[in-house]
Amino acid sequence: MRTYQTVVIIDSLLKSEEIDAIIEKIVRNINNNGGKLITIDRWEKKRLAYEIKKRQYGYYVEIVFEAPSNLIKIMERDYRLDENILRYLTFHLDSKALAYREKQHQKQTAVIVETIEADIEKIVDLEVEESEFLPLDEEVEELDLVPESSTNL
């Protein structure tokens, strides 16, 4: 099986449930015809470079999958028949493209890990700073800060 990438532009005037249904239909088509889904990347609503079917905006979706070559013809036929799909492009990813995608994925993962680690350090530092100002239970008892019950009501 070969690895393919397809980018689909869906009519942005549809409700989010309808857009999800179209994406689910594409994924189901891949799985039912011997393909294997790798990733789905929703680029969300973007302005088109030029009007397509009197639309200025489209909902972009990128799908990367492994499939036999005959599946591409089936998918593109379905794309042409669906009037809510404004444009599509499907192409084969060669070894260089796959290596580049993997490298980009590793960079993104490293950035996410660094961000999470920095956030954890900030939280730990805040907890340490707060604990310096909070008296321990023994100190509270020593200072006798517990209010006495008042009988004047």
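The values are calculated or read from the model by the stated rules, or taken from the named source; none is laboratory data. All of these numbers come straight from a predicted model, not from anything done at the bench. Heads up, the Cβs are rebuilt from the backbone with ideal geometry, glycines too, and the neighbour counts pull from every protein chain shown.
For the range 79-99, residues that are touching a helix residue (DSSP H, G or I) at 6+ places or on another chain (Cβ under 6 Å) and more than 15 Å from Lys53 (Cβ to Cβ) total 1.
Okay, residues lined up against (1) in a strand (DSSP E or B); (2) at pLDDT 90 or above; (3) over 25 Å from Arg101 (Cβ atoms):
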{"residue": "Glu17", "(1), (2), (3)": "no, yes, yes"}
{"residue": "Ile23", "(1), (2), (3)": "no, yes, no"}
{"residue": "Arg28", "(1), (2), (3)": "no, yes, no"}
{"residue": "Ile38", "(1), (2), (3)": "yes, no, no"}
{"residue": "Gly58", "(1), (2), (3)": "yes, yes, no"}
{"residue": "Val61", "(1), (2), (3)": "yes, yes, no"}
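Listed by first and then second residue, the pairs with beta-carbon distance under 6 Å, at least 6 apart or on different chains, first residue in the range 83-101 and in the same structural domain as Val7 (by TED's automatic domain parsing), second assigned to a helix (DSSP H, G or I) and surrounded by fewer than 14 Cβ atoms within 10 Å (Cβ to Cβ), form an empty list.
The single condition among (1) out of contact with any His (no Cβ under 8 Å at 6 or more places or on another chain); (2) surrounded by 14 or more Cβ atoms within 10 Å (Cβ to Cβ) that Tyr4 does not meet is (1). If the condition is being aliphatic (A, V, I, L, M), surrounded by 10 or more Cβ atoms within 10 Å (Cβ to Cβ) and closer than 25 Å to Arg47 by Cα, then the range 78-124 contributes Ile85, Leu86, Leu89. Look through Gly58, Gly35 and report the one residue that is surrounded by 14 or more Cβ atoms within 10 Å (Cβ to Cβ), under 21 Å from Asp11 (Cα atoms) and among the small types (Gly, Ala, Ser). Gly58 is the lone residue from the list that is surrounded by 14 or more Cβ atoms within 10 Å (Cβ to Cβ), under 21 Å from Asp11 (Cα atoms) and among the small types (Gly, Ala, Ser).
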